[in-house]
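Structure record follows, encoded as structure tokens.
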Amino acid sequence: MKFHRRSIRLSNYDYSQSGAYFITICTHQREWLFGEILNEKMLLKEFGNIARSEWLKTPKIRANIELGEFIIMPNHTHGIIWIKDDKVDCKDVLGSKEGGEVYSKGVLQYAPTTIPTTTPTYTSNFESPSKTIGAIIRGYKSSVTKQINTIRKLPGFAVWQRNYYEHIIRNEEDLYNITQYIKNNPSNWDKDDLYKL
């Protein structure tokens, strides 16, 4: 299964609201910086360990974040990021359904794909730009870039391609399919559209 990764953000969409997002971030010119696939397993090198470590720090830096499945690949990072409401643990409410979406205590657990035209039945946690998906990814990319460029003594050198790809996870089936896609990415590496020699 292939997921179309689009870098175009939905206009007027609040990317700080609670929900789950599938993120892909590629290295500059898709360079194999992070390691290699051997026997369908990802073997992280030094820079890959930095990318992994910084991804794992994300919820420690931002209390409104939980991480889902993720993987560091030779030239990209795939991961699921949950932006959570302060009152609800995103993963504790999976499976409760109302109106085709997953809800709990009035909080939308899967991000909507359209902008509501009436007062929403879920809580938006829009408080500051630091809680948006864009800010989370900028912080991650910046930290990884700084550490890698310190090691290779190339200050200001590009580590990542500009921007990132996001997919708003709509429901439990979508979450399951994306989770499996991430888990199986190493075994499907030579067929991946991000594979580049």
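General remarks:
- Scoring I151 on the criteria (1) in contact (Cβ under 8 Å) with a residue 60 or more places away in the chain; (2) part of a helix (DSSP H, G or I); (3) surrounded by 14 or more Cβ atoms within 10 Å (Cβ to Cβ) leaves a single failure, condition (3).
- Among the candidates F70, F126, residue that is modelled with pLDDT of 85 or more and either surrounded by 17 or more Cβ atoms within 10 Å (Cβ to Cβ) or under 18 Å from I168 (Cα atoms) (or both): F70
- Pairs meeting the criteria (first residue in the stretch 169-189 and farther than 19 Å from E40 by Cβ and modelled with pLDDT under 95, second residue hydrophobic (A, V, I, L, M, F, W, C) and assigned to a helix (DSSP H, G or I), beta carbons under 7 Å, at least 6 apart or on different chains) are I169/L175; I169/I178.
- Within the stretch 168-197, tally of residues that are hydrophobic (A, V, I, L, M, F, W, C), in contact with a strand residue (DSSP E or B) (Cβ under 6 Å, 6 or more places away or on another chain) and either surrounded by fewer than 16 Cβ atoms within 10 Å (Cβ to Cβ) or assigned to a loop (DSSP other than H, G, I, E, B) (or both): 2
- Subset of the stretch 137-153 [basic (K, R) and out of contact with any strand residue (DSSP E or B) (no Cβ under 9 Å at 6 or more places or on another chain)]: R138, K146, R152, K153
- In the stretch 16-48, the residue that is modelled with the lowest pLDDT out of those that are part of a loop (DSSP other than H, G, I, E, B) and over 18 Å from H78 (Cβ atoms) is S16.
The values are calculated or read from the model by the stated rules, or taken from the named source; none is laboratory data. From a predicted model like this one, the values you see are computed outputs, not experimental measurements. Cβ: placed from backbone, ideal geometry, glycine included. Neighbour counts: every protein chain shown.
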